[in-house]
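Nothing in this text is a laboratory measurement; each read-out follows from the coordinates by a stated rule. On a predicted model such as this, the values are computed, not experimentally measured, just so you know. Every residue, glycine as well, gets a Cβ built from its backbone with ideal geometry; the counts of neighbours run over all protein chains shown.
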Amino acid sequence: MTIAATIKPDLAGLLPEEVQAVLADHFAARGQARYRAGQVTRWMYERLAGSFDEMTDLPAAEREALKEAFDLTAPAVARLSRSTDGTAKHLWRLKDGELIESVLIPTPTRLTLCISSQAGCAMACSFCATGWAGYRRQLGAGEIVAQYRGARRWASDNGYGDISNIVFMGMGEPLMNPKALFPALAILNRGYGVGARRITVSTVGVVPGILQLAEMPEQYRLAVSLHAPNHALRQTLIPLEKKYPLPVLLDALRTFDEAGGKRITFEYVMIDGVTDLPGLAEELAEVVGEFRAFVNLIPFNPIPGTDWQPSKRARLDHFVRVLEGEGIPAAVRESRGRDIAAACGQLRAEATQGRTPVQIGSL
């Protein structure tokens, strides 16, 4: 028997219709009533069961049979940190020991969950703690969805309420993991009822993935980590700029924008003396103005190994004035959870010091 043949289907990573089909076949083969499949899916999608053992309205023999036939990914909590501002960060340990992060960010009007798509990241952006820690592996769709299932259950148990929004802004470049990302989007949307407009996929500029998102009928949102308004500066910050230079990226964004109803947000990290130099605000306004998009200005969160510092308040205010003067809505995204290392990759970096990153080929 090959190794591949021994791998059990992960119900957390299957589309809702696939879950129904495999469960129907499973229970039929065991001579069980058809409603058993509905019992399992209610435990999965409504009660967020973390294991088959929790499905207590099924006979014990059926729970054991489910464990033998299927997986239901539910990563263990390796560390939980709660900030004074309410931000809650989970460091999840996967079955093979890899560590990934998700962050719950409460505000008076919403509860946003930031989730990871890879263990580590291969993009090597110079300002990102995840990139500095290196790339480990892709996540499966079930491992992506499990972060939502675990965080939603924890939020309910701890008085945070319902998760209203999901952003793929955690560890990893989502569009470099399309085999897991796109099924995960469908599972979150159709299985757990999260509206497409409440799900945002962030990217540093993976053009094929942007074009694939543009073709989808669902109106998932897109956040573009722009971070520089010209090719010369951007390629010093984001290695992917060499493969998909700014003009190519902008063409893809035009295609996405023309699809209609799919909002774009631009993310721009504000680094003192690097991305906030005179004239860059005007360049940024020129680049993003055609898209009717929102611009998030993000003060740099210092990470070990660099002397960079966040932009001073005067420079932040200047960028906002310039952008809004051109009719472009913009805001400074205030840092959340700074006291618990809530920036992407920081908690994992603390927990994995000394581990050797996987080396990958050049982009």
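I need I144, I199 ordered by Cβ neighbour count within 10 Å, fewest first.
Going from sparsest to densest Cβ surroundings: I199, I144.
Determine ³J(HN,Hα), in whole Hz, for all residues of the stretch 118-129 in sequence, where each value follows from phi through the Karplus function 6.51 cos²θ - 1.76 cosθ + 1.60 and θ = phi - 60°; x replaces Gly and Pro.
9, 8, x, 7, 9, 6, 6, 5, 5, 9, 10, 5
Tabulate in residue order the Karplus-calculated ³J(HN,Hα) for the stretch 199-206, using 6.51 cos²θ - 1.76 cosθ + 1.60 with θ = phi - 60°, rounded to whole Hz; enter x for Gly and Pro.
For the stretch 199-206, the Karplus curve yields 10, 10, 9, 9, 8, 8, x, 7 Hz.
Any idea what % of Cα-Cα pairs in the stretch 1-98 are farther than 18 Å?
So the pairs more than 18 Å apart make up 54 percent of the total in the stretch 1-98.
In this model, which of K89/K179; K67/K262; K89/K243; K89/K242 are farther than 29 Å apart at the alpha-carbon?
Beyond 29 Å between Cα atoms: K67/K262; K89/K243; K89/K242.
So for C128, C121, fewest C-beta neighbours within 10 Å to most, what's the order?
C128, C121
Within 10 Å of each residue's Cβ, count the other Cβ atoms and sort D257, D317 from fewest upward.
Ranking D257, D317 by Cβ neighbours within 10 Å, fewest first, gives D317, D257.
Residues with amide H under 5 Å of R79's amide H, sequence separation 5 or more or different chain, H placed in the peptide plane at 1.01 Å from N; which?
Those qualifying (amide H under 5 Å, at least 5 residues apart or on another chain) are L91.
What ³J(HN,Hα) values, in whole Hz, does the Karplus curve 6.51 cos²θ - 1.76 cosθ + 1.60 give for the stretch 237-251 when θ = phi - 60°, with x put for Gly and Pro?
Along the stretch 237-251, the couplings run 9, 10, x, 4, 4, 5, 7, 10, x, 3, x, 5, 4, 5, 4 Hz.
Would you mind working out the magnitude of the charge dipole of the chain relative to its Cα centre, with +1 at each Lys and Arg C-beta and -1 at each Asp and Glu C-beta, to the nearest 20 Debye?
For this selection, approximately 560 debye.
Match the structure shown to one of the listed values (1) 72, 45, 44; (2) 76, 47, 33; (3) 75, 59, 41 of Cα extents along the principal axes in Å, computed from it, and give that label.
(1)
Take the Cβ-Cβ distance between T109 and T255 as r, set R0 to 25 Å, and report the resulting FRET efficiency rounded to the nearest 0.05.
That gives a FRET efficiency of 0.20.
Given a cut-off of under 8 Å on Cα pairs at least six residues apart, what relative contact order in percent is computed for the chain?
Relative contact order of the chain: 16 percent.
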